[in-house]
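The block underneath contains the structure these notes are about, expressed in structure tokens.
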Amino acid sequence: MKPSRRLALVLLLLLGGTLAIWLIHRDPPGSPRGEASRAADSSPPAAKIAAQGSISGATTSPNPPRSFVPKDPSASTAQRDPAAPSPGVPVMPTSAPAAVRTPESETGRIRTVLRGYRAALGQNPVGSNPEIARALLGSNPRGIQFLDRSTVTLNAKGELLDDWGNPYFFHAISGTHMEVRSPGPDGKLFTADDVVK
């Protein structure tokens with residue numbers, strides 16, 4: 001057989017195979033599948049999803065999931081921010097919102113740090129405010145830094161200060177419990193506006 005006839009035969013077989021596949025997958029106008037797919041093509045996206053589910057026998061809801069972001073046909077890919085989520089992709093929160101810093105939360109944080117100190121060293125730090133501050137900042141038998149110097153306020157005496165610039169008062173109630181008291185906005189200990197943890 002001549003090479004040109006062999007090439008023509010191969011092309012004819014390929015064309016015939018493609019036509020056969022197209023005919024197999026083409027739906028006749030009267031078939032239920034043909035009607036469903038034509039109806040789905042002229043329907044909104046939610047109806048298309050429902051129609052595809054009924055064709056395949058799957059049980060899908062006609063309503064899209066709540067986190068579904070519909071595709072914006074007016075958005076240009078050239079103008080889209082690369083850091084933004086792609087259209088049609090569920091949007092998931094990346095992290096919880098940061099906690100708001102309050103005098104109460106700061107006093108509670110100092111108390112939590114003291115708990116960590118007790119867990120690591122087996123006892124409360126002892127002494128006055130500056131001695132406790134030094135122990136929490138790393139001057140302790142194990143050399144552990146429980147507080148970062150950049151996250152606390154210290155005065156010239158080395159005392160830990162509350163949000164009003166007053167020194168905290170530390171009172172060891174027992175070997176496993178330390179009370180942390182902020183004098184509050186009036187700057188006086190043991191008054192009604194104290195923050196105690």
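What nm value, rounded to one decimal, do you get for the distance between Gln145 and Glu131 when each label is placed 7 Å out toward the C-beta?
Computed distance between label sites Gln145 and Glu131 equals 2.4 nm.
If you take every residue apart from Asn124 with its C-beta less than 13 Å away from the C-beta of Asn124, what net charge results, scoring Lys and Arg +1 and Asp and Glu -1? Can you show the working numbers first?
Values: positive: Arg111, Arg115, Arg118; negative: Glu131, Glu179.
Every neighbour counted, the sum reads +1.
Would you mind computing, in nm to one decimal, how far apart the modelled labels at Val100 and Ala120 are, each placed 7 Å from Cα along Cα→Cβ?
That separation, rounded to one decimal, is 3.1 nm.
Find which of Val180, Val126, Ser105 sits farthest along the positive direction of the dipole of segment 105-197, computed with +1 on the beta-carbon of Lys and Arg, -1 on that of Asp and Glu, about the Cα centre.
Val126
For Arg109, Arg134, Arg181, give the ranking by accessible area with the largest first, probe 1.4 Å.
Working: Arg109 70, Arg134 125, Arg181 35 Å².
Listed by decreasing accessible area, they come as Arg134, Arg109, Arg181.
Tell me the net charge near Asp162. Cut-off is 13 Å between Cβ atoms, Asp162 excluded, with +1 for each Lys or Arg and -1 for each Asp or Glu. Display every interim value, and only then the final one.
Values: positive: Arg101, Arg109, Arg111, Arg181, Lys188, Lys197; negative: Glu104, Glu106, Glu159, Asp163, Asp186, Asp193, Asp194.
Spelling it out: positives minus negatives among the neighbours equals -1.
Multiply the residue gap between Val196 and Ala8 by 0.36 nm, knock off their C-alpha separation, and tell me the result in nm, one decimal place. Spell out each step's value before the answer.
Numbers: separation 188, 0.36 × 188 = 67.68 nm, distance 9.28 nm.
My answer for the length gained is 58.4 nm.
Given a 1.4 angstrom probe, I'd like the percentage of the accessible area of segment 117-182 that is carbon and sulfur, rounded to a whole number. Write down the numbers at each step before the final one.
Values: 1710 of 3510 Å².
Ligands and nucleic acids excluded, carbon and sulfur give 49 percent.
Please give me the summed charge of the neighbours of Arg115: other residues whose Cβ is under 12 Å from its Cβ, Lys and Arg +1, Asp and Glu -1.
Working: positive: Arg109, Arg111, Arg118, Lys197; negative: none.
So the environment of Arg115 carries a net charge of +4.
The values are calculated or read from the model by the stated rules, or taken from the named source; none is laboratory data. Computed from a prediction, not measured in an experiment: that's the story for all the values here. We place every Cβ from the backbone using ideal geometry, glycine too, and count neighbours over all the protein chains shown. SASA here: full protein model, heavy atoms, side chains in, ligands and nucleic acids out. Shrake-Rupley method; radii C 1.70, N 1.55, O 1.52, S 1.80 Å.
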